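*Asks:* Shown below is the structure under consideration.
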Amino acid sequence: MLQTLTTDFRTPRAAPSALNTAPSQRYYVYLLAPAILLLAAISLYPFFWLIYMSLHQVSMSPNQPDVWVGLANYAKLLSDKRYLEGWRLLVVYSVSCMILQVGLGLLLALVLNNSRWEKPLVTVFLMPMMMAPVIAGLVWFYLYNGTFGWYNWVLQSLGILSGTSILGSTSTAMIGIVVVDTWQWTPLITLIVLAGLKRVPQDQLEAHMVDGAGAVRNFFAIVLPNLYPFLLIAVLLRFMDNFRFIDAILRLTGGGPANSTKVLPVYLFEVSFTNFNLGYGAAIAFTLLVVTIVIGMVLVSAFTQPSLQQKH
Amino acid sequence: MTKVVVSEVWKMYGKVPAVRDLSFSCESGEFLCVLGPSGCGKSSTLRMLAGLEHISAGEITFDGKRINELPPKDRDIAMVFENYALYPHKTVGDNMANALKLRGMPAAEIKTRVDRAAAMLQIGHLLDRRPMELSGGQKQRVAIGRAIVRSPKVFLFDEPIGHLDAKLRGHMRGELKRLQRELATTTIYVTHDQLEALSMADRIAVMNEGVLQQIGTPQDIYNHPANEWVASFVGEPPMNFLDAEVVTTGSETDLEVRCGALRVRLSDAHRHRLEGVRGGMRLGIRPEALQVAGAAPGADWTAGTIYAVEPLGGDTLVEVAFQGGRVLAKTGADFRGEMDAPIFVTVDSTKLHLFDASNGRALT
Ligand SMILES: Nc1ncnc2c1ncn2[C@@H]1O[C@H](COP(=O)(O)OP(=O)(O)OP(=O)(O)O)[C@@H](O)[C@H]1O
Ligand SMILES: [Mg+2]
């Protein structure tokens, strides 16, 4: 074996106890401060206003003051069957959407990636995404329609659906709204995953093939780990949207029939803007917000895990 | 023990040919170097052998079996990639063990193999690190380790030691050569470093612009280059090339090669090479075929002046300018001389290389 032939003519002294400090970054903080303060004011003000409302019985008349009720609004939540059912439906709704969209999006991206028709097909697939959710809801409302809706006709002809319409039955309405969300947002996942697939290091794939791996092993050992950050972004975006955007649901079912699609945000909408029970609505909104933030933070922290970081 | 045959292989990237009509064979257990400058199609050739690149035309066989359509995993090859291609999330040890694990080798056997390779490559202390935490040379050694832990049919090396420092490179040349002889595994080794090729290979295939120029033993390539291009690419310091003329002095068989003041009388053994050739041709002289002296010891010496002196420690390179040209000569370390001082130079006429001026082909 070759030895490193360093003659010991100068033994280094012990490392100095005080190391030079890296240049200060404080300068940037000062520059950013005004923007951060403005942003904080804009987004913090409504946040505190929400908390304030949730602790009061909010009056709808300028002459009557709001009445302090303490945590009464929150206490009421626990015994509110609709509220708890809203959570359950929200979980069912967003988890089904997520699984379907990520699964389909991944599959579509893998099929499209490097295919000859990638560019034109992606353009076509993106169209649902360009549509305003309310419009999507309206389009599907007609497609689902019990009398002249195309889907209804197809499914009834096939004998899958008997007399009822898709959105009119408590057993299928949830499926109906999940399908619409999936139709509209799978393209987004496909787009994100396609971007991720372009970043999968070819050299690692090649090394792995030479090491003796086939296509399936390659996918799980090299492609998928490299896609995780992209899938995380997709999941984060979709999950936040499902917790907040209910335009399509309002248009399609409005929470019905028999509350079978009354996911929490729909219930919140009803409490606050149909019944104008603003204090109670604020309490619901606050719990929804807290859960959204916590799940969001968990997902974001997953990005910063060292095992997910790609350094090239 | 696998014999690799490449026949009439082309590689086109779109309309651009990277490898043109390449044919060679690598005997079972042979160490074949593919030598050529950057961009000559070496990696493309290797990647076609590995199954990573589609073969545009022609056929490659392992032991007579066509492998064009075989995916890489079924070719049983081990490859060292030019850009290392290590798995960033795996430790050095796991990088090296990956192929063995994929083949379901028992853990104890894997460990012995990895440890043995790591010891040879002097990376035993790095096994728990991740590639990100390694220097370029260390990464390259891990990449070699990943190949040599296996017992494949064929080793494919793509410039595996190009990024090591000179000393370690010298060490690795010896180790790899020894390892290959011990394992007797068919090896195709790509390099642009002629010293590597000359020192390690059983045979060398020299390529330029996608075309095979010559294939032969290192001695063949060095002593009998097939054309001017091979002669200029192989050898360090490079061969001197001069435009020269063949003239008859006295009788018809008395030949002399002339370039300005430099005159070389051809020995009997070389005379037949110039049969029919008269007038312009290219003369190639390796620096070690030249001798220099401060005073003219005889009649065959040409007078010139010292253009530059480059002491290299063990040898000295002297660039001599004479009327009509300039040549680089290699001489002993004890050479002393000032710039522009007079000097005399002579050529060992048995070591001349003669090339056709029109197409660069060697006259043999
Ligand atoms: N994927 C590709 N697409 C298009 N052209 C390519 C591609 N890969 C290589 N080439 C071209 O083919 C030629 C040969 O490339 P190759 O990588 O085989 O060279 P090389 O001999 O390995 O060079 P080096 O010593 O620099 O690695 C080059 O001219 C290169 O530009
Ligand atoms: Mg190369």
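*Asks:* Using alpha-carbon pairs under 8 Å, 6+ residues apart, how would you state the relative contact order of chain B in percent?
*Replies:* 15
*Asks:* Per-residue Cβ counts within 10 Å, from other chains only, averaged over A:208-221: what number is that?
*Replies:* 6
*Asks:* Tell me the label-point distance for the pair A:Leu39, A:Phe219, using the 7 Å Cα-to-Cβ offset, in nm and rounded to one decimal.
*Replies:* Simple spin-label model gives 3.9 nm for this pair.
*Asks:* OK, next. Please report the carbon-and-sulfur percent of the accessible area for segment A:80-308; probe 1.4 Å, protein heavy atoms only, DNA, RNA and ligands left out.
*Replies:* Solvent-exposed carbon and sulfur of segment A:80-308 make up 72 percent of the total.
*Asks:* Another question, then. How much of the DSSP beta bridge set in segment B:4-233 is antiparallel, as a percent to the nearest 5?
*Replies:* 50
*Asks:* Helix A:133-144 against the longest principal axis of chain A: what's the angle in degrees, Cα atoms only, rounded to the nearest 10?
*Replies:* 60
*Asks:* Per-residue Cβ counts within 10 Å, from other chains only, averaged over B:125-134: what number is that?
*Replies:* Per-residue shielding by partner chains comes out at 1.
*Asks:* Given a Förster distance of 45 Å, report the FRET efficiency between A:Ala302 and A:Arg13 from their Cβ-Cβ distance, rounded to the nearest 0.05.
*Replies:* It comes to 0.55.
*Asks:* Another question, if that's okay. Rg and Dmax of segment A:214-310, Cα atoms, in Å?
*Replies:* 18.6, 61
*Asks:* Specify, per residue and in Å³, the volume enclosed by the convex hull of the alpha carbon atoms belonging to segment A:1-125.
*Replies:* 504
*Asks:* Now, a different point. Accessible area, 1.4 Å probe, largest first: how do B:Asp158, B:Asp315 sort?
*Replies:* Correct descending sequence by accessible area is B:Asp315, B:Asp158.
*Asks:* Given a 1.4 Å probe and heavy atoms of the protein chains only, how would you sort B:Phe31, A:Phe219, largest accessible area at the top?
*Replies:* Highest to lowest solvent-accessible surface, that is A:Phe219, B:Phe31.
*Asks:* Suppose R0 equals 51 Å. What FRET efficiency, 1/(1 + (r/R0)^6) with r the Cβ-Cβ distance, do A:Gln57 and B:Ala107 give to the nearest 0.05?
*Replies:* 0.15
*Asks:* Go ahead and estimate [θ] at 222 nm for chain A from helices alone: -39,500 (n - 2.57) per DSSP H run with n ≥ 4, summed, over the residue count, rounded to 500.
*Replies:* The helix-only estimate for chain A comes to -20500 deg cm²/dmol at 222 nm.
*Asks:* What list of whole percents do you get for P(r) of segment B:195-285, with Cα-Cα distances grouped in 5 Å bins up to the one holding the largest distance?
*Replies:* Pairs per bin, as whole percents: 3, 12, 20, 18, 17, 13, 11, 5, 1, 0.
*Asks:* Let me ask something additional. Running a GNM on chain A with Cα contacts under 10 Å, which residue among A:Pro265, A:Pro65, A:Pro12 ends up with the highest mean-square fluctuation?
*Replies:* The residue that fluctuates most here is A:Pro12.
*Asks:* Calculate I(q)/I(0) for segment B:240-355 by the Debye formula, one identical point scatterer on each C-alpha and no solvent, and give its log10 at q = 0.11, 0.12, 0.19 Å⁻¹ to two decimals.
*Replies:* At q = 0.11, 0.12, 0.19 Å⁻¹ the computed log10 ratios are -0.36, -0.42, -0.96.
*Asks:* Here is a further query. Once the dipole of segment B:240-355 is set up with Lys and Arg at +1 and Asp and Glu at -1 on Cβ about the Cα centre, which of B:Thr316, B:Pro297, B:Val246 lies farthest towards its positive end?
*Replies:* The residue sitting most towards the positive pole is B:Val246.
*Asks:* Taking only DSSP H segments of four or more residues, each worth -39500 (n - 2.57), what value at 222 nm results for chain B once the sum is divided by all its residues, to the nearest 500 deg cm²/dmol?
*Replies:* -7000 deg cm²/dmol
*Asks:* Over segment B:240-355, what is the relative contact order in percent, taking alpha-carbon pairs closer than 8 angstrom and at least six residues apart?
*Replies:* Taking the mean separation of contacting Cα pairs over the length of segment B:240-355, I get 30 percent.
*Asks:* In Å, the Kirkwood hydrodynamic radius of segment A:176-219 over pairs of distinct alpha carbons?
*Replies:* When all Cα pairs of segment A:176-219 are included, the Kirkwood radius is 12.6 Å.
*Asks:* For chain A, modelled as a Gaussian network with Cα springs under 10 Å, which listed residue fluctuates most, A:Val271, A:Val263, A:Val111?
*Replies:* Judging by the Gaussian network model, the answer is A:Val111.
*Asks:* For segment B:240-355, give the magnitude of the charge dipole about the Cα centre (Cβ charges: +1 Lys/Arg, -1 Asp/Glu; no others), in debye to the nearest 20.
*Replies:* 220
*Asks:* Can you compute the charge dipole magnitude of chain A about its Cα centre, using +1 on each Lys and Arg Cβ and -1 on each Asp and Glu Cβ, nothing else charged? Give it in debye, rounded to the nearest 20.
*Replies:* 320
*Asks:* For the charge dipole of chain B, defined by +1 on Lys and Arg C-beta atoms and -1 on Asp and Glu C-beta atoms about the Cα centroid, which residue among B:Thr61, B:Pro160, B:Pro106 has the Cα displaced farthest towards the positive pole?
*Replies:* Going by the Cα projections, it comes out as B:Pro106.
*Asks:* While we're looking at this one, here's another question. Relative to the longest principal Cα axis of chain A, at what angle does helix A:26-54 sit, 0 to 90 degrees, rounded to 10?
*Replies:* Approximately 20 degrees, to the nearest 10.
*Asks:* So, taking all protein chains as they sit and a 1.4 Å probe, how much accessible area belongs to B:Val309, in Å² rounded to tens?
*Replies:* Taking all protein chains as shown, B:Val309 has close to 50 Å².
*Asks:* For the full complex of protein chains and a 1.4 angstrom probe, list B:Asp220, A:Asp181 by accessible area with the highest value first.
*Replies:* B:Asp220, A:Asp181
*Asks:* Under the rule a/c < 1.5 gives rounded, and otherwise a/b versus b/c splits prolate from oblate, where does segment B:82-151 land using the Cα gyration tensor?
*Replies:* Because a/c hits 1.5 or more and a/b exceeds b/c, segment B:82-151 counts as prolate.
*Asks:* Related question: Below 8 Å between Cα atoms, with a sequence gap of 6+, how large is the relative contact order for segment A:80-308 in percent?
*Replies:* Averaging sequence separation for qualifying contacts and normalising by length gives 29 percent for segment A:80-308.
*Asks:* Output needed for segment B:4-233: three equivalent-ellipsoid semi-axes, defined as square roots of 5 times the C-alpha gyration tensor eigenvalues, in descending order, whole Å.
*Replies:* Semi-axes (√(5λ), whole Å): 29, 20, 16.
*Asks:* Relative to the present Cα-Cα distance, how much length would full extension add between B:Ser28 and B:Arg273 at 0.36 nm per residue of separation?
*Replies:* Fully extending the segment from B:Ser28 to B:Arg273 adds 84.7 nm.
*Asks:* For segment B:269-364, with every protein chain kept in place, what is the accessible area per residue (1.4 Å probe, Å²)?
*Replies:* Solvent-accessible surface per residue comes out at 51 Å².
*Asks:* With a 1.4 Å probe, what is the total accessible area buried between chains B and A, in Å² rounded to the nearest 100?
*Replies:* 2100
*Asks:* Could you provide, to the nearest whole Å², the per residue accessible area of segment A:80-308 with probe 1.4 Å?
*Replies:* Ligands and nucleic acids excluded, the result is 48 Å² per residue.
*Asks:* Over 24 Å between Cα atoms, which of B:Lys167/B:Lys351; B:Lys65/B:Lys153; B:Lys90/B:Lys177 qualify?
*Replies:* Among B:Lys167/B:Lys351; B:Lys65/B:Lys153; B:Lys90/B:Lys177, the Cα-Cα distance tops 24 Å for B:Lys167/B:Lys351; B:Lys90/B:Lys177.
*Asks:* What fraction of the Cα pairs in the protein assembly as shown, stated in percent, has a spacing above 34 angstrom?
*Replies:* Cα-Cα pairs in the protein assembly as shown separated by more than 34 Å: 66 percent.
*Asks:* Something else: About the Cα centre of the protein assembly as shown, what is the dipole size in debye to 20, counting +1 per Lys and Arg Cβ and -1 per Asp and Glu Cβ, all else neutral?
*Replies:* 2120
*Asks:* If you take the charge dipole of the protein assembly as shown about its Cα centre, with +1 on Lys and Arg Cβ and -1 on Asp and Glu Cβ, which of A:Leu138, A:Ala258, A:Leu126 is farthest toward its positive end?
*Replies:* Of A:Leu138, A:Ala258, A:Leu126, it is A:Ala258.
*Asks:* Counting pairwise Cα distances across segment A:80-308, what percent come out greater than 33 angstrom?
*Replies:* Counting every Cα pair in segment A:80-308, those more than 33 Å apart make up 28 percent.
*Asks:* What do you get for the angle between helix B:166-183 and the principal long axis of chain B? Use alpha-carbon atoms, 0 to 90 degrees, nearest ten.
*Replies:* That helix lies at roughly 70 degrees to the long axis.
*Asks:* Can you tell me which of B:331-341, B:241-251 comes out highest on packing, and rank the rest after it, using the mean Cβ neighbours within 10 Å?
*Replies:* B:241-251, B:331-341
*Asks:* I would also like to ask the following. Mind checking the mean number of beta-carbon atoms from other chains within 10 Å of the Cβ atoms in B:77-89?
*Replies:* 5
*Asks:* With springs only between Cα atoms under 10 Å apart, run a GNM on chain A and tell me which of A:Asn242, A:Asn113, A:Asn218 wobbles the most.
*Replies:* Taking springs between Cα atoms under 10 Å, the residue moving most is A:Asn218.
The values are calculated or read from the model by the stated rules, or taken from the named source; none is laboratory data. The model shown is predicted, which means the values in this text are computed figures rather than measured ones. Note that each Cβ is placed from the backbone with ideal geometry, even for glycine, and that neighbours are counted across all protein chains shown. Ligands, DNA and RNA are excluded from the accessible area calculation, which covers all protein heavy atoms including side chains. Shrake-Rupley method; radii C 1.70, N 1.55, O 1.52, S 1.80 Å.
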